Amino acid sequence: MRVFARWSCLDPRPLALPDPGTTAALARVPEGTLLLRAVDEETVEGVLVPGDPIEEYAAHGLSGLKSLRDEGVPVSHRFDELLSPVASPPPHIGAGNNFAGHQDEVSVHDRPALFPKMATPTAWNAPLPAVTRLDWEADLCSVALAPISADGPVPLGLLLCHDSTDRWR
């Protein structure tokens, strides 16, 4: 299974970032993390911070990231220079409630069907191999921005992911 995140534009409207007053959008680049200010069809623009997105959130929090983004000197990167949003080795947890086939695979129909995903995310621009049957879906994924514990909820970051699976392999 291949899981990777990428920006996609399926309609002709320009790409847009979420409301900068309430969110911070980030992108990983070889030098660290960009706190995004602007996007277009070719590039992203943002303020560079040295760590990965989760480390930067832990160090600065949402308000700190927004301040760094708003006060820093912006740099630009082409989309093909972006890395996967997070360095995230398996296991991952999938929730298969949106697809009846996933529910059938785990024999769960009346509650969230959680299952392990043991694949390592690939780069967003990695070539897809020619296969007999490639199933794909766009997923809204989340990543914990703090250690998960029984003490209560943790903040989550959201990713748009493209899940491609060779079902006959």
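The values are calculated or read from the model by the stated rules, or taken from the named source; none is laboratory data. From a predicted model like this one, the values you see are computed outputs, not experimental measurements. Neighbour counts are summed over all protein chains in view; Cβ atoms, including those assigned to glycine, are modelled from backbone coordinates with ideal geometry.
Tabulated values for the structure
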quantity: Boolean, L82 is within 13 Å of L26 (Cβ to Cβ) and surrounded by fewer than 14 Cβ atoms within 10 Å (Cβ to Cβ); calculated: no
quantity: Meets criteria (of a type outside the set (D, E, K, R), exposed (fewer than 14 other Cβ atoms within 10 Å of the Cβ) and not assigned by TED's automatic domain parsing to the domain that holds L156) for S67; calculated: no
quantity: One residue from W124, W136 being within 20 Å of A27 (Cβ to Cβ) and at pLDDT below 80; calculated: W124
quantity: Filtered residue count, the stretch 127-169, keeping only those that are touching a Phe, Trp or Tyr at 6+ places or on another chain (Cβ under 7 Å) and either surrounded by fewer than 12 Cβ atoms within 10 Å (Cβ to Cβ) or under 14 Å from H92 (Cα atoms) (or both); calculated: 4
quantity: Which listed residue, of L48, L15, L26, is aliphatic (A, V, I, L, M), at pLDDT below 85 and either surrounded by fewer than 11 Cβ atoms within 10 Å (Cβ to Cβ) or under 25 Å from T122 (Cβ atoms) (or both); calculated: L15
quantity: Neighbours by Cβ (under 9 Å, 6+ apart or cross-chain): first from the stretch 136-165, under 21 Å from L17 (Cα atoms); second aromatic (F, W, Y) and assigned to a strand (DSSP E or B); calculated: C161/F4; H162/F4; H162/W136
quantity: Which listed residue, of D104, D163, D139, D110, is among the acidic types (D, E) and in contact with a Leu (Cβ under 8 Å, 6 or more places away or on another chain); calculated: D139
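Here is a yes/no grid of residues against (1) touching a strand residue (DSSP E or B) at 6+ places or on another chain (Cβ under 6 Å); (2) within 19 Å of A58 (Cβ to Cβ):
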| site | (1), (2) |
| --- | --- |
| P74 | yes, no |
| L82 | yes, no |
| A87 | no, yes |
| A95 | yes, no |
| V106 | yes, no |
| L140 | no, no |
